[in-house]
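**Q** Pasting a structure here, questions to come.
Where a number appears in this text, it was derived from the coordinates with a stated rule and is not lab data. Nothing here was measured: the structure is a model prediction, and the numbers come from that model.
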Amino acid sequence: MSTFKNNTFFLKIFSLLSVIRGYNILVLIAAQYLAAIFIFSDTKSVKPVVFDWHLLYLVISTVCVVASGYIINNFYDKKADIINRPIKTGLDSYVKQETKLTLYFTLNFIGFFFGWLVSWRAALFFSVYIFGIWFYSHKLKKYPLIGLITATVLTILPFFVIFVHYKNFSKVIFIHAIFLFLVIMIRELMKDLENIKGAIANNYNTFPVKYGERNTKKLIILLMVLTLVPIGVLFNYPAIEYMKYYFYLAAVTLIFIGFYTWKSTKNNQYRLAHNILKILLLIGVFSLLFIDKSLIVDKVVEVLD
């Protein structure tokens, strides 16, 4: 009997982690801290960043709000996910809807509270962010262009709050943001292609549903060509150092995905392309460590001292 209870408990834990996409949350935490240390902070010392309590509060707020966003998205997408992700939907069902909604409101409150500890402006930002995620899940994702742009903006906003916190308005950050915006938009389109059956069943008027697969592929290829512009500009900044190899990889990967997507016709093919883009973004997060080798040395030495 105790073994059964233990198995049920662990299933519920895994189910909850699946609902809030625990893996994505961990990546987000790493991305925010690495971006704060190696891009946004203008100091060569790691300690002021790691022990910046306001940064910690902003990260906690972001994690809570994003996790709650996954919950509300899961709530509204239940019918579509049964078609698009039957295995994940089965795992997610181990947590009751009432529990999910309770956790949704709790996480949003915690996110707002920690934002308030930083400033009223941060609290206002997270309030708007919470509303934006809900409004996207409830309404905007059903519309092709607005839904696409909103999903991309909502994905980038966690980095915007760290960017504003450090007030580092350098050109290289804006160029990097343009590159990230374009790649995330490509990923969103790829995800829409992958989930087209569920979107039709759930009356979601996504880009592929509205304009067709062929036109969606044309837009993906156009966006991939546009990503080469910020990549080319970033090569002119010596400070990116070894991260330039990531942008070489990104350029080659995006060109490959462009050709692959154009020839793709099946869900599994779109899923593969989508997963490759996710891996590319993940590599991009950890490639921040190689932006400036002298910066890394200074930070590591400083920590050891």
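**Q** May I ask you to evaluate 6.51 cos²θ - 1.76 cosθ + 1.60, the Karplus curve with θ = phi - 60°, for each residue of region 58-66 and list the ³J(HN,Hα) values in order in whole Hz, giving x for glycine and proline?
**A** 5, 5, 4, 4, 4, 4, 5, 5, 5
**Q** Here's a follow-up. Please list, in order along region 240-256, the HN-Hα scalar couplings obtained from phi with the Karplus expression 6.51 cos²θ - 1.76 cosθ + 1.60 (θ = phi - 60°), rounded to whole Hz, x for Gly and Pro.
**A** For region 240-256, the Karplus curve yields 6, 6, 6, 5, 4, 5, 5, 6, 4, 4, 4, 4, 5, 5, 5, 5, 4 Hz.
**Q** Per residue of region 133-141, what does 6.51 cos²θ - 1.76 cosθ + 1.60 with θ = phi - 60° give for ³J(HN,Hα)? Whole Hz please, x for Gly and Pro, Karplus curve as stated.
**A** 5, 5, 5, 5, 5, 7, 10, 5, 5
**Q** Given the C-alpha centroids of region 189-227 and region 97-144, what is the distance between them in whole angstrom?
**A** If you average the Cα positions of each part, the centres end up 27 Å apart.
**Q** Restricted to Cα positions, what overall size does region 146-226 have along the principal axes? Three whole-Å values, descending.
**A** 44, 27, 16
**Q** Given the pairs LYS139/LYS167; LYS78/LYS218; LYS100/LYS139, which are separated by over 26 angstrom at their Cα positions?
**A** Among LYS139/LYS167; LYS78/LYS218; LYS100/LYS139, the Cα-Cα distance tops 26 Å for LYS139/LYS167; LYS78/LYS218.
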